[in-house]
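Data first, discussion second: the structure below is written as structure tokens.
Just so you know, all these numbers are worked out from the coordinates, no wet-lab data involved. These numbers were taken from a predicted model, which means no experiment stands behind them. No Cβ is skipped: glycine too gets one built from the backbone with ideal geometry, and neighbour counts run over all protein chains shown.
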């Protein structure tokens, strides 16, 4: 044995405190845990980070909020969120497109601008008899193969005319063009609605003159 060699008692090697015996034991233990279907408690520090308890089953990320809703459940009202996050991360969207996607909620659920238009315009018009009926996203119009548009508010006026009112916080060329395509194909009145100031609304008639 060369000078400076460290000597350990035989019991240290046998008990696995050093050397290959300990490494083998750690590998065997890890393999057994992975193969096991039993739930294991999270480390206390990890449990605090995910906001859960130490009894959270292994493989579960734990609740995100105090209500106990998991991340997957919390995103249920935005089914396209995964695609959106990927697009945002890749930088493939313009600032306007990011704003539109982030503000677009679940199909059938109104955003703040649409709700304001219903409360400030549609409900009063219905009350005084200017319109007979309206419903949010009630009618889907086909523009081409695998291409559809669902206008925010189909409305029946007191004269019995069917109108399609599309409400936007900010109109883009793409949204305007798609609405004009629908107006060119269907013999109804199409109105582009945009918030004008705090309490006003700007209305643009996009109805095709060919009708």
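Sorted fewest first by neighbouring Cβ atoms within 10 angstrom, 155, 203, 121 come out as 203, 121, 155. This ranking places 166, 118, 204 by how few other beta-carbon atoms lie within 10 Å of each, fewest first, which gives 204, 118, 166. Note on the range 112-205: antiparallel DSSP beta bridges, both residues inside, total approximately 75 percent of the bridges counted. Label 7 Å along Cα→Cβ of residue 198; the range 108-126 residues with amide nitrogen under 13 Å? Those under the cut-off are none; the list is empty.
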